[in-house]
Amino acid sequence: MRITLTSVLVDDQAKALAFYTDVLGFSVKHNIPMGEHAWLTVVSPQDADGVELVLEPDSHPAAQPFKAALVEDGIPFTSFSVDDVEAEHDRLVGLGVRFTQPPTSMGPVTTAVLDDTCGNLIQIMAMNPA
Amino acid sequence: MGDVFKALADPTRRAILDELTERDGQTLFELCARLATKHQLASSRQAVSQHIDVLVDAGLVRTRREGRYKFHHVETEPLQHLADRWLRPHKKDPA
């Protein structure tokens, strides 16, 4: 058994596609129309054969209150690894991204939390130098 | 208004104020992460939330909603009253 997919629940797939590619910098792996929605996945250009992130519609009625409760408390839906949290934070702020937590050293890691504009907070993280 | 001394009598609540003093305007998530990683406090998110409620009742923390987010801010005014009462009584107007 292998983990090949993970997902975020997005409020609009077209908006999510733009944010996750143009802003975060991921590449489209699959974009297959499936009725009302699409099977839409992105990958990191640093790992094109790696884990795919599914940009999955949050259309189930339970999804929206769940997401809103997480956002209110500042809790990220998922986390991505970066080489340098400060540099990535500065790059994304320059692109207009809203952070709810600036880069902060938390024990062994440095983390920051951003808004994906699709109803989620996303954490970026890097291990601190030993 | 809750008791300021009671609010300050708990080490977790003092740590919350320490962290908000270091960076004001944090989400519950950031506060919990700071308490866990910097203070080795293993409180649940719900327990931290209850500690924050006590600090809010005592006027030491204020919550601010901004869009869909909720941030926590330290409020030092109740401490100012304590200083005025005992450290600077000469500055106090006659009651």
| What is the Cα convex hull volume of the stretch A:1-58 when expressed per residue in Å³? | 82 Å³
| query | What average count of beta carbons from other chains do you get within 10 Å of the Cβ of residues in B:24-36? | reply | 5
| A:Glu52 long-range amide H proximity, modeled H, under 5 Å | A:Leu5, A:Thr6
| query | What's the center-to-center distance, using Cα atoms, between the stretch A:26-84 and the stretch B:31-80 in Å? | reply | 30 Å
| message | Through the Karplus equation 6.51 cos²θ - 1.76 cosθ + 1.60, θ set to phi - 60°, convert the phi angles of the stretch A:54-66 into ³J(HN,Hα) values in whole Hz; use x for Gly and Pro. | response | 7, 8, 9, x, 9, 6, 5, x, 6, 6, 5, x, 4
| Could you give the length gained on full extension between A:Asn128 and A:Ser79, defined as 0.36 nm per residue of separation minus the Cα-Cα distance, in nm? | 16.0 nm
| message | Probe radius 1.4 Å, ligands and nucleic acids ignored: give me the carbon and sulfur share of the accessible area of the stretch B:4-91 as a rounded percent. | response | 52 percent
| Buried accessible area, chains A and B (both chains, 1.4 Å probe, Å² to nearest 100) | 1500 Å²
| task | Compute the distance in nm between two label points, each set 7 Å from the Cα along the Cα-to-Cβ direction, one at A:Glu72 and one at A:Thr6. | result | 2.6 nm
| query | How well do other chains shield peptide A:73-80, expressed as the mean number of their Cβ atoms within 10 Å of each residue Cβ? | reply | 4
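Just want to confirm a number: the relative contact order over chain A, from Cα pairs under 8 angstrom separated by 6+ residues, in percent.
Dividing the mean separation by the residue count of chain A yields 24 percent.
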| field | Convex hull volume per residue in cubic angstrom - Cα atoms of the protein assembly as shown | value | 179 Å³
| said: Please check the stretch A:83-130 for residues whose accessible area, probe 1.4 Å, is lower by 30 Å² or more when all protein chains are in place than in their chain alone. | reply: A:Arg98, A:Thr100, A:Gln101, A:Pro102, A:Thr104, A:Met106, A:Asp115
| Between 0 and 90°, nearest 10: helix B:11-22 axis offset from chain B longest Cα axis | 90 degrees
| said: Let me check against my output: what whole-number percent is the relative contact order of chain B, with C-alpha pairs under 8 Å and at least 6 apart? | reply: 31 percent
| Just the accessible area per residue of the protein assembly as shown, please: how many Å² with a 1.4 Å probe? | 56 Å²
| said: Tell me the carbon and sulfur percent of the accessible area for the stretch A:1-58, rounded to whole percent, probe radius 1.4 Å. | reply: 55 percent
| said: Between B:Arg88 and B:Arg23, how high is the FRET efficiency from 1/(1 + (r/R0)^6) when r is the Cβ-Cβ distance and R₀ = 35 Å? Nearest 0.05. | reply: 0.75
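The values are calculated or read from the model by the stated rules, or taken from the named source; none is laboratory data. Quick caveat, the model's predicted, so the values are computed rather than measured. Every residue, glycine among them, receives a Cβ derived from its backbone with ideal geometry; neighbour counts consider all protein chains shown. Side chains are part of the model used for accessible areas, which takes the heavy atoms of the whole protein and leaves out ligands, DNA and RNA. Shrake-Rupley method; radii C 1.70, N 1.55, O 1.52, S 1.80 Å.
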